[in-house]
Amino acid sequence: MTEVRHVSIHPTADVSPRADIGSGTRIWHQAQIREGVRLGQNCIVGKGVYLDFDVEIGDNVKIQNYVSVYHGATLEDGVFLGPYVCLTNDKLPRAITPEGQLKSDAEWEVGKIIIKYGAAIGARAVVLPDVTIGRFALVGAGSVVTRDVPDHGLVVGNPARLVGYVCKCGRRLQKNALQQWSCEICEEVYTLSDL
C-alpha cells in the first residue's frame, strides 16, 4: 500500500524530489529544500528558507523566514528558528587555497551543529559549527553562538554567554532559597542536575 502524505508546498518553493518531507508539513514561498533533507511531520518552513543537502529536522519544528541551515546540522523535535538565523558549517572559511586555487569539496571539513528538543534560536542569531544547543535552551536574538549551550540555558551576546536559565515555557527561571530554579508562570521547579 502506498503511503499518502499531506504536505503543503507553495508553487514557488524549490523542493528536491530526493528530500523526505513528513505529513502535515508546510513549505512557503521561495524556500529551497535540497536533496537528502529529512524534514519531519507538522513542520513550518517559512519564506526564503534554505535547507542544505542532508540536513536532518525532526517533527513540529518551526523555521521562520530567510533562515539558512547548512549541511551538517541536525534539529531535534520542537526546535524554533527565528527569522534570518544562520547555522554555519565551516570554522575556517576560505574560497581559495594559499596558492590562490579555488578550494574543492575534498579540502572542506564539515562541522556539525545539533539543536536539541524544544530549543529556540532568536532572530538573526548565528551558530558556529561543532556546537550543541541543549534541550529547551534559548538563544537571544542577534547572538553568535561559539560553544555549547546547556539544557535550559539562556545565552545572549557576541560571543554568546550564559546569563541564566529558562523554563520549558520559555520564561526565565528564578533561583529560590533552596538553590532550586523555578518558573513563576507554570511553577515548574528545576534542580542543578536538570540544568
What are the pairs with Cβ atoms under 6 angstrom where one residue, in segment 148-175, is outside any strand (DSSP E or B) and the other, located anywhere, is of a type in the set (Phe, Trp, Tyr) and surrounded by 15 or more Cβ atoms within 10 Å (Cβ to Cβ)? Sequence gap at least six, or different chains. His152/Phe136; His152/Tyr165; Lys168/Phe136; Leu173/Tyr165; Leu173/Trp181
If we ask which residues in segment 53-68 are of a type in the set (D, E, K, R) and outside any loop (DSSP other than H, G, I, E, B), their number turns out to be 2
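Name the single residue that is farthest from His71 (Cα to Cα) among those in segment 1-56 being among the acidic types (Asp, Glu) and in contact (Cβ under 8 Å) with a residue 12 or more places away in the chain. Don't jump to the end; show me each part of the working.
Within segment 1-56, the subset among the acidic types (Asp, Glu) is 3, 14, 20, 35, 52, 54, 56.
Add one more test, that the residue is in contact (Cβ under 8 Å) with a residue 12 or more places away in the chain, and what stays is 14, 20, 35, 52, 54, 56.
Numbers: Asp14: 17, Asp20: 15, Glu35: 11, Asp52: 5, Asp54: 6, Glu56: 9 Å.
Looking at residues that are among the acidic types (Asp, Glu) and in contact (Cβ under 8 Å) with a residue 12 or more places away in the chain, I get Asp14.
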Looking only at residues in segment 141-183 that are over 15 Å from the mean Cα position of the chain (by Cα) and charged (D, E, K, R), which one is nearest to Val131 (Cα to Cα)? Arg161
Any chance segment 2-19 includes a residue that's in contact with a Ser or Thr (Cβ under 8 Å, 6 or more places away or on another chain), over 14 Å from Thr74 (Cα atoms), outside any loop (DSSP other than H, G, I, E, B) and modelled with pLDDT of 95 or more? no
Residue tally, condition outside any helix (DSSP H, G or I) and either within 15 Å of Arg135 (Cβ to Cβ) or modelled with pLDDT under 85 (or both), over segment 184-195: 5
Would a scan of segment 18-40 turn up a residue that is of a type in the set (Lys, Arg), out of contact with any helix residue (DSSP H, G or I) (no Cβ under 7 Å at 6 or more places or on another chain) and closer than 19 Å to Arg124 by Cβ? no
In segment 29-73, what residues are small (Gly, Ala, Ser), closer than 15 Å to Arg18 by Cα and surrounded by fewer than 21 Cβ atoms within 10 Å (Cβ to Cβ)? Gly36
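Picking from Gly164, Gly118, Gly157, which residue would you name as being modelled with pLDDT of 90 or more, buried (at least 17 other Cβ atoms within 10 Å of the Cβ) and under 26 Å from Lys62 (Cα atoms)? Spell out the reasoning first.
Values: Gly164 fails: buried (at least 17 other Cβ atoms within 10 Å of the Cβ); Gly157 fails: buried (at least 17 other Cβ atoms within 10 Å of the Cβ).
Testing whether each residue is modelled with pLDDT of 90 or more, buried (at least 17 other Cβ atoms within 10 Å of the Cβ) and under 26 Å from Lys62 (Cα atoms) leaves just Gly118.
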Which numbered condition Gly170 misses (of (1) modelled with pLDDT under 95; (2) surrounded by 13 or more Cβ atoms within 10 Å (Cβ to Cβ); (3) over 24 Å from Asn65 (Cβ atoms); (4) not acidic (Asp, Glu)): (3)
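For segment 21-43, check the following and say yes or no: at least one residue is more than 19 Å from the chain's Cα centre (by Cα) and outside any loop (DSSP other than H, G, I, E, B). Reasoning before the result, please.
So in segment 21-43, the residues more than 19 Å from the chain's Cα centre (by Cα) come out as 23-24, 29-30.
Pick out the ones that are also outside any loop (DSSP other than H, G, I, E, B) and you get none.
Within segment 21-43 (the criterion being more than 19 Å from the chain's Cα centre (by Cα) and outside any loop (DSSP other than H, G, I, E, B)), the answer is no, since none of the residues qualifies.
The values are calculated or read from the model by the stated rules, or taken from the named source; none is laboratory data. Just so it is clear, the model here is predicted, and its values are computed rather than measured. All Cβ positions, even for glycine, are placed from backbone atoms using ideal geometry, and neighbour counts span all protein chains on display.
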